[in-house]
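Trainee: Handing you this structure, nothing more for now.
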Amino acid sequence: MSGSVTTRVIGSIAEVLITNPERKNAISQDMWGQLDDSIRLVDSNDYVKVVIVHGGDGNFVAGADISEFKDLRQSGQSSHTYDENTEKALLRLRRTSKVTIALIEGYCIGGGVSIAVACDFRIGAANSIYQVPPARLGISYPLGSLSRLVELVGPTNAKWMIFTAARLSAVEAESIGLIRSVASEAIWEYVDDLARQISENAPLSIMATKRVIEALSNGGDSVADVANEMSEKTLSSRDYLEALEAFSQKRQPKFEGR
């Protein structure tokens, strides 16, 4: 088996590494399952506050492993099953209570864009390249990935990316909102500083915001219920009392996520 997704936890920050060096980290069906397992693992770790998702050997993810398509996407039903398996991992990534940051170097193609867009933030190196190429493969972009892309960059930009299958530079990707910012130098230092800044804040507040934004994205009448539930949860937390005490004592709060 080639390719793997591994997890390393250092304090409050977890790193999820996607690696398949022979294929520029193209992600196989088995690796999608490993990604799902990795996110489930960090989501259950109360000490982890931020997850950095990245690829090895200078690339993020150069798409799905096309060598599997003949066997795994040869009909409408098999393609549907394939997309269901990938969407399971992507939804796990999208809905985790942790803050997720995609650290993008080199190629971020197709399935790589899907992974990046499922994260809370995307930081691109100056050499990063972005492409959504289903029109070159004669297939449609999966519904979940397409809806998240449209939500992020808007319908016109999503259509342009897919209809042309053009490759975008980091600057172009930033200009349409595909990535949050370009780290021209020392991307790891940039992302590490961002992760540590986030990890100093209250996890319950961050989780509450993620839950409410997810409800807003999904629409429906439950948004107010989710917002009220999250408000009650944070106001009754020990972290809220700690924040008030820290303010009165003129010190930095120490949040525990409870």
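Trainee: Ile18: crowded, with 23+ Cβ neighbours inside 10 Å, under 15 Å from the mean Cα position of the chain (by Cα) and within 20 Å of Tyr130 (Cβ to Cβ), yes or no?
Mentor: yes
Trainee: Scan the stretch 128-177 residue by residue and report those that are under 15 Å from Ile109 (Cα atoms), surrounded by 15 or more Cβ atoms within 10 Å (Cβ to Cβ) and among the polar types (S, T, N, Q).
Mentor: The answer is Ser128, Gln131, Ser145, Ser169.
Trainee: Suppose we filter the stretch 217-257 for residues that are over 30 Å from Arg148 (Cα atoms), part of a helix (DSSP H, G or I) and of a type outside the set (Ser, Thr, Tyr); how many remain?
Mentor: Final tally of qualifying residues: 10.
Trainee: Okay, moving on. Can you pull out the residues in the stretch 206-225 that are open to solvent by 90 Å² or more (accessible area, probe 1.4 Å) and in contact with a strand residue (DSSP E or B) (Cβ under 8 Å, 6 or more places away or on another chain)?
Mentor: Within the stretch 206-225, none qualify.
Trainee: Pro203 versus (1) at positive phi; (2) surrounded by 14 or more Cβ atoms within 10 Å (Cβ to Cβ); (3) at pLDDT below 95: which is the lone unmet condition?
Mentor: With respect to (1) at positive phi; (2) surrounded by 14 or more Cβ atoms within 10 Å (Cβ to Cβ); (3) at pLDDT below 95, Pro203 is out only on (1).
Trainee: May I pose another question? Could you say whether any residue in the stretch 29-51 is more than 18 Å from Phe255 (Cα to Cα) and in a strand (DSSP E or B)?
Mentor: Within the stretch 29-51, not a single residue is more than 18 Å from Phe255 (Cα to Cα) and in a strand (DSSP E or B).
Trainee: So which pairs qualify, if the first residue must be in the stretch 127-139 and in contact (Cβ under 8 Å) with a residue 40 or more places away in the chain, the second must be surrounded by 19 or more Cβ atoms within 10 Å (Cβ to Cβ) and among the charged types (D, E, K, R), the Cβ gap must be under 8 Å, and the two must be at least 6 apart or on different chains?
Mentor: Listed by first residue and then by second, the contacts come to Asn127/Glu105; Ser128/Glu105; Ile139/Arg73.
Trainee: Another question, if that's okay. Being modelled with pLDDT of 95 or more and either farther than 18 Å from Lys49 by Cβ or small (Gly, Ala, Ser) (or both) narrows it down to one residue among Gly138, Gly154, Gly144; which is it?
Mentor: Result: Gly154 is the single residue among Gly138, Gly154, Gly144 that is modelled with pLDDT of 95 or more and either farther than 18 Å from Lys49 by Cβ or small (Gly, Ala, Ser) (or both).
Trainee: Within the stretch 30-42, can one find any residue that is modelled with pLDDT of 90 or more, surrounded by fewer than 24 Cβ atoms within 10 Å (Cβ to Cβ) and in contact with an Asp or Glu (Cβ under 6 Å, 6 or more places away or on another chain)?
Mentor: There is no residue in the stretch 30-42 that is modelled with pLDDT of 90 or more, surrounded by fewer than 24 Cβ atoms within 10 Å (Cβ to Cβ) and in contact with an Asp or Glu (Cβ under 6 Å, 6 or more places away or on another chain).
Trainee: Next question. Among the candidates Arg196, Arg180, which residue alone is closer than 24 Å to Leu149 by Cβ, in contact with a strand residue (DSSP E or B) (Cβ under 8 Å, 6 or more places away or on another chain), touching a residue at least 40 places away in the same chain (Cβ under 8 Å) and open to solvent by 60 Å² or more (accessible area, probe 1.4 Å)?
Mentor: Arg180
One line per residue, one yes/no per condition, for (1) in a helix (DSSP H, G or I); (2) within 25 Å of Ala183 (Cα to Cα):
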residue: Ser114; (1), (2): yes, yes
residue: Ile123; (1), (2): no, yes
residue: Arg136; (1), (2): yes, no
residue: Gly144; (1), (2): yes, no
residue: Arg148; (1), (2): yes, yes
residue: Asn157; (1), (2): yes, yes
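Trainee: Filter the stretch 44-54 down to the residues that are under 20 Å from Val191 (Cβ atoms) and open to solvent by 10 Å² or more (accessible area, probe 1.4 Å) and list them by number.
Mentor: Selection gives Asn45, Tyr47, Lys49, His54.
Trainee: Within the group Lys233, Lys250, which residue is within 17 Å of Asp46 (Cβ to Cβ), out of contact with any Ser or Thr (no Cβ under 7 Å at 6 or more places or on another chain) and either without any contact (Cβ under 8 Å) to a residue 60 or more places away in the chain or surrounded by fewer than 12 Cβ atoms within 10 Å (Cβ to Cβ) (or both)?
Mentor: Lys233
Trainee: Would you point out which residue out of Glu185, Glu189 is in a loop (DSSP other than H, G, I, E, B) and open to solvent by 60 Å² or more (accessible area, probe 1.4 Å)?
Mentor: The match here is Glu185.
The values are calculated or read from the model by the stated rules, or taken from the named source; none is laboratory data. No experiment lies behind these values; they were computed from the predicted model shown. Cβ sites come from the backbone with ideal geometry, for glycine too, and all protein chains shown count toward neighbours. The accessibility values were calculated without ligands, DNA or RNA, using every heavy atom of the protein model including side chains. Shrake-Rupley method; radii C 1.70, N 1.55, O 1.52, S 1.80 Å.
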